[in-house]
Amino acid sequence: MRGGGGLRGDAPARGGGLRDGAAALGRVVRREAGESGVEWRIGVAAVAPVVVYTVTRQSQVFVERFIGSELAAGSISHLNYAQKVAQVPMVLSLLIVTVTFPRLARASADGDTWQVARRIRQDLVIASTMVLGAAAFLVAFAPVIIKVLFEHGEFTADDTASTASIMRVYALGLWGQSAVGLAARAFFAQRRPTWRPARVLALGLVVTAVIGGVFAASAGTLALAAANAIGITLAAVLLLAGLRRGIAPVSPRRIAADVSRLMLAAGGACAAGMLTAHAVAGTPVLVQLAVGGLVTTGAFAVLTVLAGPDLIAPWIALRSRRSVRGRTESGETSEPADRAGRNDATGKSDRTEPAGGGDPAGSAGADVPLGRPLR
């Protein structure tokens, strides 16, 4: 009976232990579920603005095509061909400046707003130079370009003329396309998610839809191309103007001065290209494109240099980054600006060094030379 009594006496203790274990397990599960829920909400909050921005930007194409579906047969095809060709220089310009995005994100994370502003201006000058120079060539030689690419088979001379006219109008919005991409990068490189790019793009989309819907019946596909250019350029201007609010001390006047000078240079190059197109008319189309490309590019380069040497400096800096490996293997940093504070006479940095001889660039996120071990 003692053994039986012992068994009966141990049962409540075992039951209490099981209940306590179950309660502890429940608390752990609830805590883990709560942490997972918080992480999920943080992830959604970070990704949602980017997704909405991307969808809104791509919706511009759907709005144009929806309105264009009410126009004459072949209108949407002309829009598609013209847009695809016109967007090539914009994509190339963004590919070039994409390599600078890690530096932009690092400067944003370090709170170095001056470096963020410097990077934005340099990238904008580089992208604007590319797209405006290309736009000058596209406008001057649009009929020849479309003829070489598409005037085969069922694609007639009338199709070439219509597509070329649309592409000339689309080319006017190339700068806005590139500037929107660059400005949006700066917003999304911040620590906190922001909805401003999505809201601005939504406003640009509304402008595109209104202009296209009002004038498409009378001006046809040209109205849709113009609506695209106006809507995206308005969005670019608003985004660039909004960079001063919590992003970086970007000077709107300086940006306006840079872009205005480049636009004037592009206008002069376009005029030279049109004169060349008229002079070489009747020669083989490939000869027209080769000569026109040389003349337009040369005129744009000369006019850009005359417009100001500060417009050439970002290209020099971009070229210097191509020799990163050679400098880093010798123990130097990969960015000339990282050494901007170095005293030319003494070779020492002007920046305040931490006590104890620590690495002064460590907290600023400077590059680690490839030949040195990580610590």
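Points worth noting:
- Segment 228-289 and segment 180-202 have Cα centres lying 22 Å from one another.
- Here the simple spin-label model places points 7 Å from the Cα toward Cβ, and for Leu264 and Val51 these points are separated by 4.7 nm.
- Candidate residues Phe137, Phe66: accessible-area rank, largest first, probe 1.4 Å: Phe66, Phe137
- Estimated from the Cβ-Cβ distance and a Förster radius of 25 angstrom, the FRET efficiency linking Val210 and Ile96 is about 0.15.
- Probe 1.4 Å, all protein chains present, accessible-area order of Tyr170, Tyr81, largest first: Tyr81, Tyr170
- If R0 is 22 Å, the Cβ-Cβ spacing of Leu294 and Val148 corresponds to a FRET efficiency of close to 0.85.
- The share of accessible area on segment 159-254 that comes from carbon and sulfur is 63 percent, using a 1.4 angstrom probe.
- Contour excess over end-to-end distance, with Cα ends at Arg254 and Arg192 and 0.36 nm allotted per residue: 19.6 nm
- Solvent-accessible surface (1.4 angstrom probe) belonging to Ser162, in square angstrom, nearest 10: 40 Å²
- Counting heavy atoms of the protein chains alone, Phe150 has an accessible area of about 50 Å² for a 1.4 Å probe.
- Computed over protein heavy atoms with a 1.4 angstrom probe, the accessible surface ordering of Glu64, Glu151, Glu70, largest first, is Glu70, Glu151, Glu64.
- Accessible surface calculations at 1.4 Å, restricted to protein heavy atoms, place segment 45-173 at 44 Å² per residue.
- Heavy atoms of His278: accessible area, 1.4 Å probe, square angstrom to 10: 150 Å²
The values are calculated or read from the model by the stated rules, or taken from the named source; none is laboratory data. Note that this is a predicted model, so its numbers are computed, not measured. Glycine gets a Cβ as well: all are built from the backbone with ideal geometry, and neighbour counts include every protein chain shown. What goes into the accessible areas is simple: the full protein's heavy atoms, side chains included, and nothing from ligands, DNA or RNA. Shrake-Rupley method; radii C 1.70, N 1.55, O 1.52, S 1.80 Å.
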